[in-house]
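The values are calculated or read from the model by the stated rules, or taken from the named source; none is laboratory data. Quantities reported herein were computed from a predicted structural model and do not represent experimental measurements. Reconstructed Cβ throughout: ideal geometry from the backbone, glycine too, with neighbour counts over all protein chains shown. When the accessible area is computed, the model is the full protein with side chains, heavy atoms only, and any ligands, DNA or RNA have been set aside. Shrake-Rupley method; radii C 1.70, N 1.55, O 1.52, S 1.80 Å.
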Amino acid sequence: MTTLIDDRRVRARDASPARYFYLHMALACAATAFLGFAPTYWVPLVHRTFSASPVIHFHGLLFFTWTLYFVLQTWLAASGRVVNHRSLGIAGVSLATAMTIFGFLASVHVMQHSAALGQKDAGISFSIVPMSGIAFFAVIFVLAIMNTRRPEIHKRLMLLAAVSILDAAIARWFLTFLAPPGPPGPPPVPVTIAPAVVASLLLVVAMVRDWRVEGRVHPVYITGTLALLAVKVLNWPISETAAWHAFAGGILALAQ
């Protein structure tokens, strides 16, 4: 009974228009993910013209499920259903763990596919993009879980984690509407920087909201956005090093 009363008090206190900001941001993330992959995955899948390894399908299912989970969790928090929000937290841990595993497996699959096309070195270079992306997501998610009792930090870290995996969806817009048709195989690593910058605009929106509502931008957004962009930019020079080719090439050799 005490728990129910406390939950109602939290709900009454937190169910304000400002609390729905993170729900709106989660909806924006989900829409970006769906629309980004619509031309190259969802539409071909519906028309049965898309063929891929089960690993790729599981990878896509898990990552899109994450966007829906994020919407649900932000809605529960915004409407004051904190007890329900916390109860579903363990599902988020399980989902994020599965995403990390299948994100890595999908990266290996891309290297194998590139090698089969005779572009082994290009595949090894490009593998840094998905591997660093899922590693960044995993680190930010762990930090968010560690700060569940500090909601101002927790919710910003969760938004940062959600935005960090949107560059793949936005990259599909570039490929569909801006990039000329090219040979099969992985794209050059530098072309992945622009989609990451576009995805980061959602974090800029959150920063503006912080500045207008709180009077300052929360350090999580500043540090997190800089770290995210640094990872995306540094992927380029690191992907060309002998150390990366030895590391990723060793993983490829084990997988074959």
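So, Ser127, is that one touching a residue at least 60 places away in the same chain (Cβ under 8 Å) and closer than 18 Å to Leu62 by Cβ or not? No; evaluated as a whole, the condition is false for this residue. In a residue-by-residue description of the range 48-67, the property of being in contact with a helix residue (DSSP H, G or I) (Cβ under 9 Å, 6 or more places away or on another chain), among the β-branched types (Val, Ile, Thr) and not in a helix (DSSP H, G or I) applies to at least one position.
So, in the range 200-256, exactly how many residues are closer than 29 Å to Asp121 by Cβ and more than 20 Å from the chain's Cα centre (by Cα)? Result for the range 200-256: 20. Among the helices (runs of 4 or more DSSP H) confined to the range 120-217, the ones with at least 2 residues that are under 21 Å from Ala26 (Cβ atoms) and open to solvent by less than 20 Å² (accessible area, probe 1.4 Å) are located at 128-146, 151-164, 167-173, 193-213.
Checking each residue in the range 198-241 for being touching a Lys or Arg at 6+ places or on another chain (Cβ under 8 Å) and within 19 Å of Ile165 (Cα to Cα) picks out Ala206, Val220, Tyr221, Gly224. Sub-9 Å Cβ pairs linking a first residue in the range 84-100 that is assigned to a helix (DSSP H, G or I) to a second residue that is at pLDDT 95 or above and of a type in the set (Lys, Arg), at least 6 apart or interchain, number zero. Would you be able to say whether some residue in the range 160-174 is touching a Leu at 6+ places or on another chain (Cβ under 7 Å) and hydroxyl-bearing (Ser, Thr, Tyr)? Looking through the range 160-174, at least one residue is touching a Leu at 6+ places or on another chain (Cβ under 7 Å) and hydroxyl-bearing (Ser, Thr, Tyr).
Residues that are in contact (Cβ under 8 Å) with a residue 40 or more places away in the chain and of a type in the set (A, V, I, L, M) were ranked within the range 235-250; the one that is surrounded by the most Cβ atoms within 10 Å (Cβ to Cβ) is Ala248.
Based on this model, can you work out whether Arg81 counts as more than 21 Å from His59 (Cβ to Cβ) and in contact (Cβ under 8 Å) with a residue 24 or more places away in the chain? Judged against the criteria, Arg81 is a match. Being open to solvent by less than 50 Å² (accessible area, probe 1.4 Å) and more than 19 Å from the chain's Cα centre (by Cα) is a property that Val82 has. From the list Phe63, Phe102, Phe34, Phe70, the lone residue that is within 25 Å of Phe174 (Cβ to Cβ) and open to solvent by 60 Å² or more (accessible area, probe 1.4 Å) is Phe34.
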